[in-house]
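Beneath this line is the structure, given in structure tokens, with notes to follow.
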Amino acid sequence: MEVRLGPFPLCDTCRERNGGLVATLHRQVHVKVGERESCVDEDLAGLLARVWTVGDTVSACQDSDGHGRAYIVPEPESRERIAALLRSLGLDVDDEDGWLYFRLPRGAPPEPPARSRIDTAGSLPEVLARLSAEVGALRPRLAGATTGLDHARIQEARARLDVGADALEMALRRSVSRLHRPDGTRPPAARLLRAGELVAVMFPVVAAAAWIFDASVAWMAVAAVPGSLLGGWLNGRAADGLDRRFTRARLAAARSTGTDTAPEPDDDAVLQPVGVRLSRLGADLTGLRSTAGTLLVRLLDERGPAAVTGADVMAAADRDSVFNLVLFAEEALAVSAYSLDVWQEASPG
């Protein structure tokens, strides 16, 4: 027999094992911590993800009396640990026959304000450093806000945010590189370095072949092939190592002009409804995506005053690695924000 306590459905997994309960009074979020998983009331999702790290629970409700009084029913052996944890978070806990009652503080510290846009004025490395820092700061915030939320859309939001942050970091490094240009070509110094390394590797290989095979031109030509391949491989490794050393100071200079990044979430942020936290994160993602879009327009404008068409964008992506990476990051941020929106609009956890 199906039991419906309200309009909000449980997920399919929890319906099968909850003794006929299929819907509750409050919106449900499926939380998983270790081997423990269950649909829980939305406002308690972050708190229960923390609680399950110290003990098990039997039941919980975010508003048992219609006036904001929540409760958690712990397993008897976990009651003291869970009560201590709740009190350490600043909650006033009433233990009534093993039921722990408390009120979620509606005045909990808000999430940092949404960052609509970063100033895209200044040199390209400076802008990329600010954008990369802001996007990177969202990673721990998203991880903290979605602790225990084992949903495909949440996983996609995390993964795409990671991709966007990594792409912007790569774009920053490429923009300050001394041995690689954004269009894939090498400056004269890099070409000279490459030629010198090839000669340094090929000469002893060819000379050895000449000594072994009595100055045979054919064998010297054959030996030049593996010598050039070895030289190319060593050149790539050496160039990357030198590039990291050469650009270290330029990276530091670009990052020193960055704005303050978003602060880490406070410990009592777990008391905030997950929907509120993810709404703010979605707004921040959208704002940073807008910044990436503005930067793409700037990069296109720098290529010439002609009208921008789809062909112009594709040509820029093909020829300019920095443009391509920023474009890739902008798309990743868009998908991450969209995934959060879809998850919040879905009714089951």
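The values are calculated or read from the model by the stated rules, or taken from the named source; none is laboratory data. Please read these numbers as outputs of a predicted model, since none were measured by experiment. When we count neighbours, we look across all protein chains shown, and the Cβ atoms used for this are built from the backbone with ideal geometry, even at glycine.
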Would you confirm, using the coordinates I've provided, whether ALA283 is assigned to a helix (DSSP H, G or I) and modelled with pLDDT under 80? no
Hey, could you check region 64-85 for residues that are closer than 18 Å to GLU42 by Cβ and within 33 Å of the chain's Cα centre (by Cα) and say which is surrounded by the fewest Cβ atoms within 10 Å (Cβ to Cβ)? ALA70
Are any residues in region 14-31 touching a residue at least 24 places away in the same chain (Cβ under 8 Å), farther than 23 Å from PRO105 by Cβ and surrounded by fewer than 21 Cβ atoms within 10 Å (Cβ to Cβ), and if so, which ones? CYS14
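This table checks each residue for (1) touching a residue at least 40 places away in the same chain (Cβ under 8 Å); (2) within 24 Å of LEU5 (Cα to Cα).
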| residue | (1), (2) |
| --- | --- |
| VAL33 | yes, no |
| GLU42 | yes, yes |
| GLY68 | no, yes |
| GLU80 | no, no |
| ALA83 | no, no |
| ASP92 | no, no |
Which listed residue, of LEU138, LEU161, LEU131, is buried (at least 18 other Cβ atoms within 10 Å of the Cβ), modelled with pLDDT of 95 or more and either assigned to a strand (DSSP E or B) or out of contact with any strand residue (DSSP E or B) (no Cβ under 6 Å at 6 or more places or on another chain) (or both): LEU161
Could you figure out which of (1) touching a Lys or Arg at 6+ places or on another chain (Cβ under 7 Å); (2) of a type in the set (A, V, I, L, M, F, W, C); (3) without any contact (Cβ under 8 Å) to a residue 40 or more places away in the chain isn't true of PHE8? (3)
